[in-house]
Amino acid sequence: MDTEFDPDPPQPTNPNVTIWIFGAIAVLVVAGFIAFSLLRPSATPPPAAIANDPLLVQGRVVYLDRCARCHGELGKGDGPTARGLAGPPVGDLSDSNWKHGDKPDDVLKVLRVGVRDTAMPAWTNIISENSIKAVAAYVYHLAGREVPAELRGN
């Protein structure tokens, strides 16, 4: 039985090095959160055209948070992530000729279930039904259309 004897067994980790490593990681995480919060654009006040319409104001808030990355702030399909998405180009919502239909049910369906073979996700399990209706109303506004009464609950 020939056993090898390691004359230099592994040394325990130096606690000071461990503290420095965890400290550096913590600093990087905090710096990341600070950078994210400073670089994230703050929501500007709603334009005067919608400032007195709670449905459109709510829709704008959700739109800017969830949709503008792809569709752009004005709905032109030119958001900062639009170019990097696989599949067909992001839709221009400011154009009143929507390819998935322009009836409220058509717009709500796109928002609820997404669009197959595109980057448009389903929002049903992510945002509330009231928020989906508000975003739909805001999309009509972006296209320069009157908001249908079905979206206002009238």
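The values are calculated or read from the model by the stated rules, or taken from the named source; none is laboratory data. Computed from a prediction, not measured in an experiment: that's the story for all the values here. All Cβ positions, glycine included, derive from the backbone under ideal geometry; neighbour counts span all protein chains shown.
Okay, here's what the table says:
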quantity	calculated
Qualifying residue in the range 117-125 (condition: more than 16 Å from Gln58 (Cα to Cα), aliphatic (A, V, I, L, M) and more than 16 Å from the chain's Cα centre (by Cα))	no
Residue count for the range 65-112, restricted to those that are closer than 23 Å to Pro47 by Cβ, in a helix (DSSP H, G or I) and of a type in the set (Asp, Glu)	1
Some residue of the range 96-111 being touching a Lys or Arg at 6+ places or on another chain (Cβ under 7 Å), at pLDDT below 95, buried (at least 17 other Cβ atoms within 10 Å of the Cβ) and small (Gly, Ala, Ser)	no
Search result, residues across the range 1-51 that are closer than 30 Å to Ala143 by Cα, at pLDDT 85 or above and either touching a helix residue (DSSP H, G or I) at 6+ places or on another chain (Cβ under 9 Å) or in a helix (DSSP H, G or I) (or both)	Pro46, Pro47, Ala49, Ile50, Ala51
Ala149 vs. criteria under 23 Å from Ile50 (Cβ atoms), among the small types (Gly, Ala, Ser) and buried (at least 17 other Cβ atoms within 10 Å of the Cβ)	no
Search result, residues across the range 132-154 that are over 22 Å from Asp92 (Cβ atoms) and in a helix (DSSP H, G or I)	Ala149, Glu150, Arg152
Residue check for Val62: among the aliphatic types (A, V, I, L, M), outside any loop (DSSP other than H, G, I, E, B) and either free of Cβ contacts under 8 Å to residues at least 60 places away in the same chain or in contact with an Asp or Glu (Cβ under 9 Å, 6 or more places away or on another chain) (or both)	no
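Table: residues versus (1) more than 27 Å from Glu150 (Cα to Cα); (2) among the charged types (D, E, K, R).
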{"site": "Ala31", "(1), (2)": "yes, no"}
{"site": "Ile34", "(1), (2)": "yes, no"}
{"site": "Pro54", "(1), (2)": "no, no"}
{"site": "Val57", "(1), (2)": "no, no"}
{"site": "Val62", "(1), (2)": "no, no"}
{"site": "Asp65", "(1), (2)": "no, yes"}
{"site": "Gly91", "(1), (2)": "no, no"}
{"site": "His100", "(1), (2)": "no, no"}
{"site": "Val113", "(1), (2)": "no, no"}
